[in-house]
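K.L.:
A single structure is presented below for examination.
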Amino acid sequence: MPNASPSAPSGESPQKGSGGGFNRLRPVRGLPIASPTLLSVRDVARRLKVSSAVVYRLCERGELLHHRVSNAIRIAVADVDAFLSRNREGKK
């Protein structure tokens, strides 16, 4: 009786984890995998060491540039950096 376990066609070795669709995804050669450039309100609040309510207020007043993605507010890292440079302590 032949082996009951599934095997690859002759001449091919079975790939580890070949049963799922996501396991077959590979990064495109030559393209770097970018880190996320948009932060959530919670992430910005943690970086600024303030509450989420303060971040929402800054966005509402236009002091912190933001983008709406569906029903969520997202803030670019560059916009957080620009906000910080405009509002440094000891500014003369």
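The values are calculated or read from the model by the stated rules, or taken from the named source; none is laboratory data. Computed from a prediction, not measured in an experiment: that's the story for all the values here. Cβ placement follows ideal geometry from the backbone for every residue including glycine, while neighbour counts extend to all protein chains displayed.
Conditions tested, residue by residue: (1) exposed (fewer than 15 other Cβ atoms within 10 Å of the Cβ); (2) at pLDDT below 90.
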residue: P36; (1), (2): yes, yes
residue: S51; (1), (2): yes, no
residue: Y56; (1), (2): no, no
residue: C59; (1), (2): no, no
residue: R68; (1), (2): yes, no
residue: K92; (1), (2): yes, yes
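K.L.:
Return the pair list, or none, for Cβ contacts closer than 7 Å from residues in segment 63-92 that are without any contact (Cβ under 8 Å) to a residue 24 or more places away in the chain to residues that are in a strand (DSSP E or B) and of a type in the set (D, E, K, R), at least 6 apart or on different chains.
P.N.:
Listed pairs, sorted by first residue: H66/R74.
K.L.:
Could you tell me which of the residues A8, A45, A4, A78 is at pLDDT below 95 and in a helix (DSSP H, G or I)?
P.N.:
A78
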